[in-house]
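Take a look at the structure below.
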Amino acid sequence: MTGAGSGAGPGSRRGAGRGPGPGARKSDSAGAAADATVPSGGWLRDQVCEGLRDRIITGRLKPGDRLVEREVAEDFGVSRVPVREAIRILIGEGFLRTASQRRIVVREMTRQDVDNLFDMREALEVLAVRRAAERRTLTELDALARLLARARAATDSGGPEDLSRANAAFHAEIVRMSRNDLLVTALESLEGRLRWLFQQVDEPGALWEEHRLLFEAIAAADADAAAAYALHHVRHYREVALRLLFTP
């Protein structure tokens with residue numbers, strides 16, 4: 001497989017410690033300093049995971065494409081261990097699947113998958129928008145306004161990747177404003193797939209206009225109006241996504 005970006009290689013292990021003495025202290029200090037500059041295994045896993053997820057979301061890796069551990073490790077400049085861990089995460093998120101004992105491929109989203117995602121959005125995001133309208137602060141509104149402006153710029157530029165990231169950030173900020181940790185955690189687990197959904201848009205200007213209405217209702221602390229806009233927004237884009245993805 002091909003792709004941009006590489007991660008730093010894993011660090012070597014430090015040798016066994018010596019007895020007390022100036023030389024040992026100097027060695028320990030140098031080793032500690034070196035350790036501080038070496039990324040942890042978890043950091044490498046996360047970098048590989050984010051890189052592969054981004055390639056799937058943006059279409060650089062397509063449904064049915066095979067991932068070979070050795071090739072992915074070479075591509076990212078890491079060992080196979082963080083690659084293996086990243087693949088397990090992406091299987092759990094629904095981006096990859098095991099086609100056979102030794103074959104991992106990019107998973108195709110079915111109509112049922114997309115319906116399920118929109119069911120979750122409808123159940124969770126509408127509540128998050130209501131709570132955000134009830135609990136928002138001026139500082140949070142300023143942050144949300146900046147994200148809305150970023151989405152407007154991405155809409156005008158016409159870049160689908162920038163647009164999906166900007167829209168995902170706008171929605172994520174609203175969820176954070178709900179101050180409900182359970183809602184935040186539940187939607188964070190869907191973040192990658194929601195970013196993929198946000199690319200299934202044929203009228204980005206209309207999408208931004210719906211986000212503007214959401215923002216204005218939240219800013220006015222009108223929880224009922226905000227929830228109603230959110231419900232319409234999710235249901236409308238369920239229809240759009242299903243049409244774009246599954247209509248011949």
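The values are calculated or read from the model by the stated rules, or taken from the named source; none is laboratory data. Everything quoted here is computed from the prediction, not taken from an experiment. For neighbour counting, all protein chains shown are included, and Cβ atoms are generated from backbone atoms with ideal geometry for every residue, glycine included. Protein only, heavy atoms only, side chains kept; ligands, DNA and RNA dropped before computing areas. Shrake-Rupley method; radii C 1.70, N 1.55, O 1.52, S 1.80 Å.
Structure values in brief
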read-out	value
Sole residue being within 20 Å of Glu93 (Cα to Cα), open to solvent by less than 60 Å² (accessible area, probe 1.4 Å) and under 19 Å from the mean Cα position of the chain (by Cα), chosen from Val184, Val201	Val184
Some residue of segment 90-102 being among the β-branched types (Val, Ile, Thr), under 20 Å from the mean Cα position of the chain (by Cα) and open to solvent by less than 30 Å² (accessible area, probe 1.4 Å)	no
Cβ pairs under 6 Å, 6+ apart, first in segment 204-221 and β-branched (Val, Ile, Thr), second part of a helix (DSSP H, G or I)	Ile218/Ala132; Ile218/Ala133; Ile218/Ala226
Arg121 vs. criteria at pLDDT below 95, surrounded by 17 or more Cβ atoms within 10 Å (Cβ to Cβ) and part of a helix (DSSP H, G or I)	yes
Out of Ala168, Ala172, Ala186, sole residue that is within 17 Å of Glu125 (Cα to Cα), in contact with a Phe, Trp or Tyr (Cβ under 7 Å, 6 or more places away or on another chain), of a type outside the set (D, E, K, R) and part of a helix (DSSP H, G or I)	Ala168
